[in-house]
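A.B. asks: First the structure, which I've put down as structure tokens, then a few questions once you've had a look.
The values are calculated or read from the model by the stated rules, or taken from the named source; none is laboratory data. Here the structure is a predicted model, which means the values were calculated and not measured. Quick reminder, even Gly has a Cβ in these numbers, built from the backbone with ideal geometry, and neighbours come from all protein chains shown. Surface areas here come from the heavy atoms of the whole protein model, side chains and all, with no ligands, DNA or RNA. Shrake-Rupley method; radii C 1.70, N 1.55, O 1.52, S 1.80 Å.
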Amino acid sequence: AVGQNMLIMEGRVTQSEGAFRSEPMPIEQGVTFESRLRIVNEGGEVVAAEDHLELKGVSKATFYLVSNSSFYEEDVSAANDRDLAKLEGKSYEVLAQKHETDFATYYDRLTLDLGGTELDTLPTDVRLARMKEGQLDVGMETLLFQYGRYLLISSSRVGTNPANLQGLWNEHIKAPWNADYHLNINLQMNYWLADVTGLGELNAPLFDYVDRLVANGKVTAERNFGMRGTFLPHATDLWAPTWLRAPTAYWSCSVGAGGWMMQHYWQHFAFTADTTFLRERAFPAIQESAAFYNDWLIKDPRDDSFISAPSTSPENRFLDPFSNDPVSTCLGSAMDQQVIAEVFDNYLEAAKILGVSNDLTQQVAAKRQVLRPGFVLGKDGRVLEWDREYKEHEPGHRHMSHLYGFHPGVQVTKKETPELFDAVRKTLDYRLDNGGAGTGWSRAWLINCSARLLDGEMAHEHIQLLFRKSMSINLFDMHPPFQIDGNFGFTAGVTEMLLQSHEPGQIRLLPALPKAWGSGSVRGLKARGGLTVDLAWENGALTEAKILPTYDGQVNVAVGGEEREIDLLAGQELLFRL
């Protein structure tokens, strides 16, 4: 206690063992922090003891809490002095209104109505209990959708770090997985919803952070692998290390992790059509990734195609055909090949847009022509996860990494690649038949994949299972334990059910609408190409769509089995009805 009205807590983050069991080194000199609590009371008195404050006869008290750490501030005490000075004389009501005004600038950009409001008077825990018993509550689905947006608005702002495995809501000193960043889906899933739900600028912390990874990864690529470009690992943390962090290959060695992060730069450009962003932020990062993969690839001794080796499929294993032991490395896993193909394609397309031609673009173009396909089908018509048709160690594994090019990638569509489209369905069905999607984020991924399959009933079934199996009473997604990517992935999945724009030159309206969402509306969805889309539907059919373009152009609109070419003029809203 300091004076009569303030408490100060000082500390340093330490850890008795390393981040992983294979690292015996303790952390003794971690981040320092200081938190201050100041009490402004009406009536009575606040009495200070050595380590606490006691309120006596106080009719009303306002608690002001500020906290700073050495990660952001060199002098945490001075930073807290500054923050408390800003609060001087400001009431709770004033501060709350300022917060609500700020929050609303993001949140109010999108509204969703799926019906089900008649249950809004019931407490959330009661409604969730009803859903776990199998009752339908589309109002809760709407709430969880907006909850995902709330969580991102609250944990990813310009100047902060990106949302980690628990967002800002880690309650532990030693968090599960150290509350760090995993790049084999978890960090990526956190940001799937950003552009499409009108929160594009909240990507800024992600790009700032990945830029740090890219810079550090250039050192790792050169020193560890003797290669150009940048290498990004499967697991990293606040300090952006890029070395492989553990000796267990099946989860710690993901060569495709860096390329997956490049997708976010490219997709942000796809949504915004911002060539300045492409030139200054996206292209430099993608070029470094392309340079690494260009040097990383080797020739497959079987047919001279280019493959990633050694190669894994994140956190999964197959059975060695000789020893029957679970093993993980192969020659060109499906995910690695799909990721590298995507990086090469996006790099070459970006170079074309920006008028860049150099030795690397020529080398990448040549290797892209003979890159081993990422989608190879087995005898039963499923997508092979590894380079051969091995027996699977976990047929119901939670990761669907070998479908990366389908979702979140854009390499498979019903129109352009119907055979692969059907193979994806068989692959997912097999995973589910063998107990797949046991964790919340995995279920969220399946919602997204089901929407891409244009199957609204399948997507809605997984929404129900997410509520029944992975939802806590405060609507946090439980891995278990709590892991925020399932919340973010759910919101992204709902948008995929209502609007899709991943096929070049086309948007699909209500592509995976389930019967449970018979009538409703959504305002403020974003589509690639700088489009804002509002939709309304009744009895399962579109009644009205409004499309507001940022740029002049043309788009093919697909809805209800029909397609129509529409001319767009920048800034002029187009009203579309069937």
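A.B. asks: Which one of these does Gln506 not meet: (1) touching a residue at least 40 places away in the same chain (Cβ under 8 Å); (2) buried (at least 22 other Cβ atoms within 10 Å of the Cβ)?
C.D. replies: Result: Gln506 passes all but (2).
A.B. asks: Determine whether Phe421 is surrounded by fewer than 19 Cβ atoms within 10 Å (Cβ to Cβ) and not β-branched (Val, Ile, Thr).
C.D. replies: Here the answer is yes, as Phe421 does meet what is asked.
A.B. asks: A further question follows. I'd like to know if segment 140-150 contains one or more residues that are within 14 Å of Phe490 (Cβ to Cβ), among the charged types (D, E, K, R) and within 13 Å of the chain's Cα centre (by Cα).
C.D. replies: yes
A.B. asks: Take the residues of segment 305-323 that are open to solvent by 10 Å² or more (accessible area, probe 1.4 Å) and of a type in the set (S, T, N, Q): which is nearest to the chain's Cα centre (by Cα)?
C.D. replies: Restricting to residues being open to solvent by 10 Å² or more (accessible area, probe 1.4 Å) and of a type in the set (S, T, N, Q), the top hit is Ser305.
A.B. asks: On to the next question. Identify all residues within segment 308-327 that are in contact with a strand residue (DSSP E or B) (Cβ under 6 Å, 6 or more places away or on another chain) and in a loop (DSSP other than H, G, I, E, B); write none if there are none.
C.D. replies: Ala309, Arg317, Asp320
A.B. asks: Is there any pair linking a residue in segment 375-397 that is in contact (Cβ under 8 Å) with a residue 12 or more places away in the chain to one that is outside any loop (DSSP other than H, G, I, E, B) and surrounded by fewer than 16 Cβ atoms within 10 Å (Cβ to Cβ), with Cβ under 7 Å and at least six apart or on different chains, and which?
C.D. replies: That search, which allows pairs on different chains as well, returns Gly381/Lys426; Arg382/Lys426; Tyr390/Leu319; Lys391/Leu319; His393/Leu319; His393/Pro326.
A.B. asks: When the residues of segment 287-304 are filtered to those that are aliphatic (A, V, I, L, M) and under 27 Å from the mean Cα position of the chain (by Cα), which remaining residue is farthest from Ala351 (Cα to Cα)?
C.D. replies: Out of the qualifying residues, it is Ala291.
A.B. asks: If you scan segment 552-578, which residues turn out to be at negative phi, at pLDDT 95 or above and not in a strand (DSSP E or B)?
C.D. replies: Asp552, Leu569, Ala570, Gln572, Glu573 - these are the residues of segment 552-578 that are at negative phi, at pLDDT 95 or above and not in a strand (DSSP E or B).
A.B. asks: Let me ask you something else. Which ones in segment 259-304 are open to solvent by 40 Å² or more (accessible area, probe 1.4 Å) and in contact with a Lys or Arg (Cβ under 6 Å, 6 or more places away or on another chain)?
C.D. replies: Asp295
A.B. asks: Further question: Which condition from (1) surrounded by 11 or more Cβ atoms within 10 Å (Cβ to Cβ); (2) hydrophobic (A, V, I, L, M, F, W, C); (3) out of contact with any Asp or Glu (no Cβ under 6 Å at 6 or more places or on another chain) is the one that Ala85 breaks?
C.D. replies: Among (1) surrounded by 11 or more Cβ atoms within 10 Å (Cβ to Cβ); (2) hydrophobic (A, V, I, L, M, F, W, C); (3) out of contact with any Asp or Glu (no Cβ under 6 Å at 6 or more places or on another chain), Ala85 violates only (1).
A.B. asks: Right, something else. Does Glu201 qualify as being surrounded by 17 or more Cβ atoms within 10 Å (Cβ to Cβ), among the charged types (D, E, K, R), out of contact with any strand residue (DSSP E or B) (no Cβ under 6 Å at 6 or more places or on another chain) and not in a loop (DSSP other than H, G, I, E, B)?
C.D. replies: Here the answer is no, as Glu201 does not meet what is asked.
A.B. asks: Inspect segment 137-157 for any residue being farther than 30 Å from Thr62 by Cβ, open to solvent by 80 Å² or more (accessible area, probe 1.4 Å) and not in a helix (DSSP H, G or I) and give the result as yes or no.
C.D. replies: The answer is no, given that none of the residues of segment 137-157 is farther than 30 Å from Thr62 by Cβ, open to solvent by 80 Å² or more (accessible area, probe 1.4 Å) and not in a helix (DSSP H, G or I).
A.B. asks: Which residues, counting only those in segment 543-559, are open to solvent by 20 Å² or more (accessible area, probe 1.4 Å), within 15 Å of Leu513 (Cα to Cα) and of a type in the set (A, V, I, L, M)?
C.D. replies: Scanning segment 543-559 gives no hits.
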